[in-house]
1. Principal axes first, then extents: for the Cα atoms of the stretch 256-355, list largest minus smallest coordinate on each axis, whole Å, largest first.
2. In Å, what Rg and Dmax follow from the Cα atoms of the chain?
3. Restricting to the chain, what percent of DSSP beta bridges are antiparallel, rounded to 5?
4. Could you list the trypsin sites (Lys or Arg not before Pro) in the stretch 533-582 that lie in coil according to DSSP, counting only those with at most 16 other Cβ atoms within 10 Å of their Cβ?
5. Over the C-alpha atoms of the stretch 1-78, what are the Rg and the largest Cα-to-Cα span, Dmax, in Å?
6. Would you list, by chain and number, the lysines whose Cα falls below 20 Å from the Cα of LYS391, excluding same-chain residues fewer than 8 positions away?
7. If each of ASN473 and ILE9 carries a label point 7 Å out from its Cα toward its Cβ, how far apart are those two points in nm?
8. Could you tell me the extents of the stretch 70-189's C-alpha atoms along the three principal axes, largest first, rounded to whole Å?
Amino acid sequence: MIQVSVNGIVSAVTERIVERSREKRSRYLDRIEAAAAARPKRKALGCANIAHGFAACSPQDKAALRNGDAPNLAIVTAYNDMLSAHQPFETYPEKIREAAREAGGTAQVAGGVPAMCDGVTQGETGMELSLFSRDVIALSTAVALSHQMFDSAVYLGVCDKIVPGLIIGALSFGHLPAVFIPAGPMTSGLPNDEKAKIRQLYAEGKVGRDELLEAEAKSYHGPGTCTFYGTANSNQMLMEIMGLHLPGSTFVNPGTPLRDAITRESAKRALAITALGNDYRPIGRIYDEKAVVNGVVGLLATGGSTNHTIHLIAMAAAAGISLTWNDLAELSKVVPLMARVYPNGKADVNLFNAAGGMGFLIRELLGAGLLHEDVTTIMGSGLSGYVKEAKLRSDGSLVYEEAVSRSQDESVLRGVSSAFQSTGGLNVLSGNLGNAVIKTSSIPPDRHVIEAPARVFHSQEELQAAFRAGELNRDVVAVVRFQGPKANGMPELHRLTPPLAVLQDKGFRVALVTDGRMSGASGKVPAAIHLTPEAVDGGPIAKIRDGDVIRLDADRGTLEVLADLSSRDDMIPDLSANVAGTGRELFQAFRAIAGRADAGASIFEVA
C-alpha cells in the first residue's frame with residue numbers, strides 16, 4: 001500500500017465538499033440503505049411477476065432464478081454497431097452470461113440505453129440532442145433496473161454522454177454494486193495531428209472533400225474508441241481512477257484475448273460483491289466525496305475533456321454530493337499536467353497506455369499525496385490496488401502485475417516531479433461576463449492572455465461564413481452565444497476549431513467566448529466555454545456588441561468585457577429554428593427545465 005499524507009489543498013477541498021454535501025449525502029445514503037434492506041427484491045415478487053422475469057432464459061438459468069438464491073446480474077448495454085466504440089459490445093452479453101454461470105450466478109440483459117456518436121452529429125442539428133441524451137440514458141438505466149430482478153449490475157458504455165448517464169442511473173439504484181466494463185480504444189490509425197492538419201487545410205480551401213474524407217477514414221478506421229483524448233477516453237480514465245473498472249482495463253484494445261478476459265472477470269467481480277455474500281460493495285458507497293475528488297485529480301493530471309466540468313457535477317449530484325467549478329479550480333492549482341495526448345500533444349491513448357498508462361499515473365499521484373488512497377473500490381479497500389497492469393496467464397486467465405515505476409516514454413507521460421506543467425489542464429475563468437471554463441493544456445503559453453475586439457455570432461454557420469468571406473483576418477474574440485442548455489440544448493461547437501486555428505496560425509490573436517460547449521478534443525485556440533449564466537437566461541453575454549474589447553486571461557483566471565453593459569438591453573434571439581426537426585420538438589421540456597452549466601446542465605433534482 002502506498003501511504004503518503006494527502007496534499008493540504010486536496011484535503012481541504014475534500015472537506016469542503018463533505019461539509020457542503022452533508023445534508024444531501026445523508027438523505028441519499030438513507031435512501032439506498034432502505035432499498036438495500038429489502039434485498040433481494042425478486043424473492044418477494046409475485047409468482048406471475050418472477051415467471052415473466054425468467055420466461056425466456058436457458059433451462060439452467062431458469063432453474064437458478066426460480067430458486068432465487070443465486071445472484072442475478074443486470075447487463076445494461078449501450079450497444080449499437082454504428083458507434084465504433086460500442087460495436088464490440090455486441091458479443092459481451094453472452095460472454096458475461098457464461099462468466100456468471102461459472103461464478104454460480106446468472107446474468108440478463110436488463111435493458112439498452114441510447115448511444116449517440118458526437119462525431120457523426122458534429123455541426124448537425126442532431127447535436128442539439130447530445131447533452132440531453134445523458135439524462136435520457138440515466139432515465140433508461142432506471143427503467144432497465146426497475147424490474148428489481150437483480151443483485152448487481154454491469155454497465156457497457158464508453159462514449160461522451162453514455163458513461164455519465166449510466167453513472168447517474170446506477171446511482172439512483174445505489175444499493176446495487178456496479179462494475180463498468182469498457183470496450184477499449186481502436187488501434188492507432190492516421191496520427192491525430194496529421195488529421196488535424198488536413199482539417200485545417202480543408203478549412204482554408206487547400207484540399208477538397210475527397211482528401212478530407214480519406215484522412216478521416218484512416219483515423220477512424222475500426223472498432224473501439226477514437227484514439228484522441230476527448231470525452232470518451234476521459235470517461236474511461238475516470239471509471240478506473242474512481243475504482244469502478246478492473247485495474248488496468250481501460251485502454252486495452254477490443255477483440256483481443258486480454259480484453260475478453262477482462263470482460264469475463266468483470267462479470268465475476270460484480271457477482272462477488274453483492275449483498276448475498278460477505279463483501280457487499282454498493283456503488284452508492286464507493287462513489288463518495290473522496291472518489292469524486294480522485295476523479296477530478298485524474299482529469300486535471302491528464303488534461304481531460306472540458307465536458308467533464310459539466311458531467312462530473314451532475315454525476316456527483318446523483319450521489320448527494322455538491323461539487324463546484326471552484327473545487328476544480330482549487331485542485332487545478334496543485335495537480336500537475338502529466339500527460340500529452342492529442343489534442344494536448346501528438347500521441348494517442350494507445351501510446352499513453354504503452355508509456356505506463358493508468359497504473360503509472362495512479363502510482364505517481366498517490367506517491368505525491370494528490371489522490372485519496374483510503375477509498376473503497378470494486379476490488380477492495382484502497383486505491384493502491386490500482387497500481388497494476390492486467391496481463392494474461394498461459395491458460396488465458398487474468399493476472400495483475402505491478403505497474404511500471406518509470407514512464408516508458410516521457411514525451412507522452414511523465415512523473416509528478418517532471419510534469420509538463422505544474423498546474424492542471426483545466427481552469428475556471430470569472431469576471432463581469434460570468435463564469436466559464438478553459439482547457440489550457442493544449443494552448444501555447446503565449447496565447448494564455450488575449451485582448452481583442454469582439455465579433456458576435458449566433459451560430460457556428462455565421463462564424464464560418466464570416467471566415468470564408470475574409471472578415472476575421474485580424475485580432476478577434478469570437479463570441480458565439482445562445483448556445484446554452486436552455487437555448488438549444490448546448491451543442492458542441494467543434495466546427496469552430498479549424499477556422500479559428502487557421503487565424504491563429506496566421507499570427508492573429510484569437511479567442512472564443514461561448515455559452516455553448518466545445519468538444520472534449522478542443523484544440524489550441526483559447527476558448528472560454530460553458531459561460532454561465534447563458535445568454536437566454538439573462539447572462540451578460542447577451543449584451544455584447546461587435547467591437548467591444550474582451551480580455552481573456554487564463555493565467556489569472558479572468559474573463560471580462562472592457563465596456564459598461566449596464567445600460568444595454570439583452571439581445572432577443574429568434575430561436576424558432578432550434579425547436580423542431582431531428583427530434584428536437586420532443587426535447588422542449590428538457591430545454592425549459594435544464595439547469596445551468598456550472599450546476600451540471602441537468603434536468604434532475606436529486607438527493
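1. The Cα atoms of the stretch 256-355 stretch 44, 38, 20 Å along the principal axes, largest first.
2. 23.7, 75
3. Working: 26 of 56 bridges.
Looking only at bridges with both residues in the chain, the antiparallel portion is about 45 percent.
4. Details: sites: LYS543, ARG545, ARG551, ARG556, ARG568; in loops: ARG545, ARG556, ARG568.
Counting only loop positions with at most 16 other Cβ atoms within 10 Å, the trypsin sites (Lys or Arg not before Pro) in the stretch 533-582 are ARG545, ARG556, ARG568.
5. Final numbers for Rg and Dmax: 21.0, 57 Å.
6. Qualifying lysines at Cα under 20 Å: LYS95, LYS268.
7. Distance between label points: 4.3 nm.
8. Taking the Cα atoms of the stretch 70-189, the three principal extents are 49, 33, 16 Å.
No lab work stands behind these numbers, since they all come straight from the coordinates. As the structure is a computational prediction, the values presented were derived from the model and not from experiment. Note that we place each Cβ from the backbone using ideal geometry, even for glycine, and neighbour counts take in every protein chain shown.
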